[in-house]
Amino acid sequence: MPIHPLPQFEEDLKLADQEREDREAYEKLNAPSTIVVRFGYLRMVGEFPYTGDAKPGCGSKLVVRTHRGTELCEMLTSTCRNAGCAKSVTRKEMLDYIENSGGKQYPFYDQGRVLRIATGDDLNEMTRLEQKKNEYKLIAKQMIEQASLSMKIIEAEPMLGGDRVVFYFSAEDRIDFRDLVRDLQSAIGTKAELRQIGARDEARITADYERCGQYCCCKSFLKVLKPVSMKSAKIQKATLDPLKISGRCGRLMCCLRYEDETYDELRKNLPHRKSRVGTPDGDGMVVSTQILTQLALVRLDSGIEIAVPIENLTEPGLEKAPDPRDVRTNRTPRAPESRDEPRTKKPRSRGPQGSAGDEQAGKQGSNKTASGAETTEPGAQPKKKRRKRKPRSRSSEQAAGQGTTGSETAERSQESSAEGSSAPKKKRRRRKRNRGPRSDGGNETTGGQDTNGGDPGPDSPTQG
């Protein structure tokens, strides 16, 4: 019966072979000459030379001499060729990482050296010093209350050599703590150092996990804590609830800066709100947009709201298909006139009769009497009527027709001007009185006088 190896056995065999190859390659390598380490409660980074024969790996505990004193640190990687760690990086790669992570603000130090790989005694001594830091904090708080200083002790960090204790505190303003330092040094029996930090550095020391389930970014890898603007929160978050956009430090979450540049690039493609755009279903107005999905909510002119991808938006004002319900679009086109037929100019409509009355008036024309009026041909447009002149006064007509003398005309004009101020009834009576009866022979009498200048009187017979 043939024996078939299980897939799990094959994978375990490949893993064992790979470990053996790595061990053989590691034995052939030399010890690193420079090591990158992380030290302190603020997790500072330094690159220090190493002259030992042992070949430490990533994560090893080392005893280093820094600008603060002798302390315990953790190895990150090595920056030399043919190093003992398989995950070593070049010095250029490390400098590029520092430049991209904050440049001059990055907490990087190169003044120091690696003494040795930490032993069991070093680890036990560090544990003993860690247990005494609570006692140091209580002594510092009591002295702060006695001095009535507005400051809060956050943490106390003892060094491995026991030659220094660093106290971290927070305060709103600058504080003169020179007297407090002298009192602390005499109380704890070693050198004391006070350092003021902000809310983000306080979270870096005391916080552990965030709501995402991971270690706080400031405690794991984030070294430069730049301020976060409210603009980033408004763009990336649908809500501005302080409890949802704030971290353990009470400030805006640092992770809002990670995708800020990406959101700015995507937002440039979106149209502005309340702007008119064209869609496959017609023109409309942009109501809202979504940055990550690249969608725009458009309210069409018909009142319907639809979600349209950004690539389907066009310029507004495109021609639409004719609506069959629109009466204006259902008009029949006018037949084109032939060039051979003469064009007749229709008369304008001058009254409420409309075009029918104008056509009838154009056909009949205007035929005037034989008393000197002009006649127009049928179908021609009638001429405008002339405005009538005002008639001359009655006194001037009588003076011109009857041939009265200048004295009589002057007397009558004086009488008419004198009677002009009276009521109009008297004028009418005066005019009626001046009009005489007309004789059978056609001679008129004016004011009881004959046309020949005589005065026959009321009983005199008319001339035959």
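The values are calculated or read from the model by the stated rules, or taken from the named source; none is laboratory data. Everything numeric here is computed off the predicted structure, so don't read it as measured data. Don't worry about glycine lacking a Cβ; one is built from the backbone with ideal geometry, like all the others, and counts go over all protein chains shown.
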Please pick out the residue among 95, 42, 76, 62 that is of a type outside the set (Val, Ile, Thr) and more than 30 Å from residue 258 (Cα to Cα). 62
So which residues in the range 204-220 are surrounded by 13 or more Cβ atoms within 10 Å (Cβ to Cβ), free of Cβ contacts under 8 Å to residues at least 60 places away in the same chain and within 19 Å of residue 105 (Cα to Cα), if there are any at all? 217, 218
Sole residue being in the same structural domain as residue 49 (by TED's automatic domain parsing), of a type in the set (Ser, Thr, Tyr), under 54 Å from the mean Cα position of the chain (by Cα) and over 19 Å from residue 59 (Cα atoms), chosen from 150, 101: 101
Assess whether residue 223 counts as being outside the structural domain of residue 297 (by TED's automatic domain parsing) and buried (at least 16 other Cβ atoms within 10 Å of the Cβ). yes
I'd like the full set of residues that are touching a residue at least 60 places away in the same chain (Cβ under 8 Å), of a type in the set (Lys, Arg) and either in contact with a strand residue (DSSP E or B) (Cβ under 7 Å, 6 or more places away or on another chain) or exposed (fewer than 14 other Cβ atoms within 10 Å of the Cβ) (or both), limited to the range 1-58. none
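Each row is one residue, and each column tells you yes or no for (1) in contact with a His (Cβ under 8 Å, 6 or more places away or on another chain); (2) part of a loop (DSSP other than H, G, I, E, B); (3) outside the structural domain of residue 43 (by TED's automatic domain parsing); (4) under 27 Å from residue 214 (Cβ atoms).
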| position | (1), (2), (3), (4) |
| --- | --- |
| 227 | no, yes, yes, yes |
| 234 | no, no, yes, yes |
| 240 | no, yes, yes, yes |
| 263 | no, no, yes, yes |
| 285 | no, no, yes, no |
| 292 | no, yes, yes, yes |
Could you list all residues from the range 147-197 that are of a type in the set (A, V, I, L, M, F, W, C) and assigned to a helix (DSSP H, G or I)? 147, 180, 181, 184, 187, 188
Just give me the residues in the range 239-257 being touching a strand residue (DSSP E or B) at 6+ places or on another chain (Cβ under 7 Å) and either surrounded by fewer than 16 Cβ atoms within 10 Å (Cβ to Cβ) or closer than 16 Å to residue 224 by Cβ (or both), in sequence order. 246, 252, 253
Looking only at the range 166-192, and only at residues there that are surrounded by fewer than 16 Cβ atoms within 10 Å (Cβ to Cβ) and closer than 19 Å to residue 71 by Cα, the one that is farthest from the chain's Cα centre (by Cα): 189
For residue 144, the lone unmet condition from (1) over 51 Å from the mean Cα position of the chain (by Cα); (2) assigned to a helix (DSSP H, G or I) is (1)
Single match in 27, 99 (criterion: more than 30 Å from residue 197 (Cα to Cα), of a type in the set (Asp, Glu) and not in a strand (DSSP E or B)): 27
Is it the case that residue 245 is touching a residue at least 60 places away in the same chain (Cβ under 8 Å) and of a type in the set (A, V, I, L, M, F, W, C)? no
Can you tell me which of (1) more than 13 Å from residue 109 (Cβ to Cβ); (2) assigned to a loop (DSSP other than H, G, I, E, B); (3) modelled with pLDDT of 90 or more is the one residue 55 doesn't meet? (3)
Given the criterion touching a residue at least 60 places away in the same chain (Cβ under 8 Å) and either part of a strand (DSSP E or B) or surrounded by 15 or more Cβ atoms within 10 Å (Cβ to Cβ) (or both), identify the matching residue among 200, 116. 116
